[in-house]
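First comes the structure, then the notes that go with it.
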Amino acid sequence: MAKARASPAARAKAASKHTDPADGADFPVHSLRNLLADLATLTRNVVQIGQGRVSLLLASTTPLQRRALDLLGANLAA
């Protein structure tokens, strides 16, 4: 069996080390480990002062994190 050959688009992506522009953005190619490390910086903090109102504070996401979460179908508000 012959070894599979990469398409011209796959070779171009590997050479540029960037994804094809999606939604007008061009992202660096990540390994799964690097992507998980990038997503691990997201935080959600619950703040309650005394018996008062509870506030939920979400960290701002980077465009890359938003794109990854969109592709995963993740909802940060949940």
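The values are calculated or read from the model by the stated rules, or taken from the named source; none is laboratory data. As the structure is a prediction and not an experimental result, all values here were calculated from the model. Positions of Cβ are generated from backbone atoms using ideal geometry, with glycine treated the same way; all protein chains shown enter the neighbour counts.
Odds and ends about this structure:
- Checking residue 25 against (1) in contact (Cβ under 8 Å) with a residue 40 or more places away in the chain; (2) under 20 Å from residue 75 (Cβ atoms); (3) aliphatic (A, V, I, L, M), the condition it does not meet: (2)
- Number of positions in segment 18-42 that are at pLDDT 80 or above and loosely packed, with under 10 Cβ neighbours inside 10 Å: 4
- The one condition from (1) in contact with a strand residue (DSSP E or B) (Cβ under 6 Å, 6 or more places away or on another chain); (2) at pLDDT 80 or above; (3) among the polar types (S, T, N, Q) that residue 55 does not meet is (2).
- Residue pairs whose Cβ atoms lie under 6 Å apart, separated by 6 or more positions or on different chains, with the first residue in segment 29-58 and more than 30 Å from residue 15 (Cα to Cα) and the second among the hydroxyl-bearing types (Ser, Thr, Tyr), are 47/55.
- Filter pass, residue 66 being at pLDDT 80 or above and of a type in the set (D, E, K, R): yes
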